[in-house]
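Visitor: This is the structure, below, for whatever I ask next.
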Amino acid sequence: MASVDLTRLSKLEPISTLSPGRLSELASLCFIEKVSKGIDPFRMNVVKSAQAMYLLDGELGLQLNGGNKILKGGSEETRHPIDAIQMGLQAAIALTEIEIVRIDLDLLDIMMTWDQLATIEDSERHQELSNSSLEKNHNITSWMSGKSAFGVEKIQCGVFSRLPSANIEEMFRRLTPVKVKAGEVVIRQGAEGDYYYLIEHGKAEVTRVSETSEKLADLGSGDAFGEEALVSNNKRNATVTMKSDGLLLRLNKTDFIELLKAPLINELSIEDANNRILYGAVWLDVRLPSEYRFGHQPNAINIPLKQLRLSINNLNKETEYIVYCQTGRRSSAAVFILIQHGFKAFCLAYA
């Protein structure tokens, strides 16, 4: 299958309304399928998710409730996806060899939502700020429609895929851009938690000092940090140092709790948790090994909070995790980290 070039993709609706950045991302994810004469392309779709199908080239015969119809690639009508339900489609057949492209409807909707929110936000910001202020403010549209901090992988799974659109819109109103230099310490172990950070561009290193200095993770564009202290209301448990110059987007603690923590961290009672376990969910104990050995939930996996980022690739994104600790502080922070990485996780409620 060949990739779809931007010019061809930009002629399709409502894809043509996407920003250049989003359009480029979408093009990298789409492929042209060639379907032989006499084949029904709708019967070839083995993907479970809802998809929009566009006819790019060739002739496709449709058997509809109200009669038959022939679609020709490149016509005004085929700029739009073939809506099988609305058209009352009974069957289809390629009258010639045809070329089609299928696009995940959920992905397209997410891209369009972010683009439209970005347009609204940028327009309102221009009205609110003077010209001199605008020159000092980072362009919101580039944040929301760019490939760095808010590329498609970040907005289709993880934190931002789970947020209500209203929260996303308000978050961008409150984010503050901060320029940083290589070698600069952004957060320091032992300090009070005050901000949540997103890396718009640049690289950083996460380290922790216990008996020795330990490197925990390397971070880059689109990664976030600083959430653990804010979610658990504890002091910073690691130091984050910039490895290059960059730009961070910063959200203060109050805004973070209101816009991100509150709608994302869902708690389950022990009864509901046990029911989910029966249907395949897994207990995740984020206490220390010594606490785990003293007593734990049946068949629980033990990954201490401080090691979660390093061990997260060992977990299965198809599995639902119910996270617990001693009081709910560490488990809340762990759930947020898991959600950021595209996992489905719940926190065990504590009275």
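Just so you know, all these numbers are worked out from the coordinates, no wet-lab data involved. As the structure is a prediction and not an experimental result, all values here were calculated from the model. Positions of Cβ are backbone-derived with ideal geometry, glycine not excepted, and every protein chain shown enters the neighbour counts.
Visitor: Would you tally the net charge around residue 304, using a Cβ to Cβ cut-off of less than 14 Å, leaving residue 304 out, and scoring K and R as +1, D and E as -1?
Guide: +3
Visitor: While we're here: By per-residue mean of other Cβ atoms within 10 Å, what is the highest-first order of 313-326, 75-88?
Guide: 313-326, 75-88
Visitor: Then there's this: Using a 7 Å offset from the Cα along the Cα-to-Cβ direction at both residue 299 and residue 70, what is the distance between the two label points in nm, to one decimal?
Guide: 5.9 nm
Visitor: For the charge dipole of the range 2-104, defined by +1 on Lys and Arg C-beta atoms and -1 on Asp and Glu C-beta atoms about the Cα centroid, which residue among 73, 101, 90 has the Cα displaced farthest towards the positive pole?
Guide: 90
Visitor: Evaluate the charge dipole of the range 2-104 about its Cα centre and quote only its size in Debye, nearest 20, assuming +1 on the Cβ of each Lys and Arg and -1 on the Cβ of each Asp and Glu.
Guide: 120 debye
Visitor: What does the extension gain come out to for residue 173 and residue 243, with contour length at 0.36 nm per residue minus their alpha carbon separation?
Guide: Difference between extended and current length: 22.4 nm.
Visitor: Which order results if 5, 115 are arranged by neighbouring Cβ count within 10 Å, fewest first?
Guide: 5, 115
Visitor: Could you tell me whether the range 2-104 comes out rounded, prolate or oblate from its Cα gyration tensor? Rule is a ≥ b ≥ c as square roots of the eigenvalues, rounded for a/c under 1.5, then prolate if a/b exceeds b/c, otherwise oblate.
Guide: Because a/c hits 1.5 or more and a/b exceeds b/c, the range 2-104 counts as prolate.
Visitor: About the Cα centre, and with charges only on the beta carbon of Lys, Arg (+1) and Asp, Glu (-1), how big is the dipole of the range 265-348? Nearest 20 debye, please.
Guide: Roughly 360 debye for the range 265-348.
Visitor: If I model a spin label at residue 3 and residue 80 as a point 7 Å from the Cα along the Cα→Cβ vector, what separation in nanometres do I get?
Guide: The two pseudo-label positions are separated by 3.0 nm.
Visitor: In nanometres, what is the gap between the two model label sites at residue 91 and residue 327, each 7 Å from Cα along Cα-to-Cβ?
Guide: 6.8 nm
Visitor: Round to the nearest 0.05 the FRET efficiency obtained for residue 217 and residue 40 when R0 = 51 Å and r is the Cβ-Cβ distance.
Guide: Result of the calculation: an efficiency of 0.55.
Visitor: First select every other residue whose beta carbon is under 12 angstrom from the beta carbon of residue 108; then total the charges, Lys and Arg +1, Asp and Glu -1.
Guide: Residues close to residue 108 contribute a combined charge of -4.
Visitor: I've got another one for you. Would you mind counting up the charge near residue 275? Only other residues with Cβ under 15 Å from its Cβ, with Lys and Arg at +1 and Asp and Glu at -1.
Guide: -3
Visitor: From Cα pairs below 8 angstrom and at least 6 apart in sequence, can you work out the relative contact order of the range 176-260, rounded to a whole percent?
Guide: For the range 176-260, the relative contact order is 48 percent.
Visitor: If you don't mind, another one. Which of the helices in the chain meet the span-like rule: DSSP H, Cα axial reach of 27 Å or more, Kyte-Doolittle mean at least -1.0?
Guide: Helices meeting the criterion: 105-128.
Visitor: Just name one of 298, 167, 264: the one whose Cα is farthest towards the positive end of the charge dipole of the chain (beta-carbon charges, Lys/Arg +1, Asp/Glu -1).
Guide: Most positive-ward Cα: 298.
Visitor: Could you derive backbone 3J(HN,Hα) for the range 206-220 from the dihedral phi with the Karplus parameters 6.51, -1.76 and 1.60 (θ = phi - 60°), listing whole Hz in sequence and x where the residue is Gly or Pro?
Guide: 9, 10, 9, 10, 10, 7, 9, 7, 10, 7, 9, 6, 9, 10, x
Visitor: For Cα extents along the principal axes in Å, which listed value, (i) 58, 55, 33; (ii) 73, 60, 33; (iii) 72, 46, 34, comes from the coordinates shown?
Guide: The listed entry that was calculated here is (ii).
Visitor: Then there is this: Normalised by the number of residues in the range 267-331, what is the relative contact order in percent for Cα pairs under 8 Å and 6+ residues apart?
Guide: For the range 267-331, the relative contact order is 40 percent.
Visitor: While we're here: Report the one residue of 202, 341, 325 whose Cα lies farthest in the direction of the positive end of the charge dipole of the chain (charges on C-beta: Lys and Arg +1, Asp and Glu -1; origin at the Cα centre).
Guide: About the Cα centre, the residue reaching furthest to the positive side is 325.
Visitor: Still on this structure: Between the range 1-29 and the range 309-351, what is the separation of their alpha carbon centroids in Å?
Guide: 36 Å
Visitor: So what does log10 I(q)/I(0) come out to for the range 265-348 at q = 0.16 Å⁻¹, using the Debye formula with one equal point on every Cα and no solvent?
Guide: -0.52
Visitor: Rounded if a/c is under 1.5, else prolate if a/b is larger than b/c, else oblate: which is the range 176-260, with a ≥ b ≥ c the root eigenvalues of its Cα gyration tensor?
Guide: Since a/c reaches 1.5 but b/c is at least a/b, the shape of the range 176-260 is classed as oblate.
Visitor: May I ask you to derive the relative contact order of the chain, considering only C-alpha pairs under 8 Å and at least 6 residues apart, and to give it as an integer percent?
Guide: 13 percent
Visitor: Counting only DSSP beta bridges with both residues in the chain, what percent are antiparallel, rounded to the nearest 5?
Guide: So the antiparallel bridges in the chain amount to around 80 percent.
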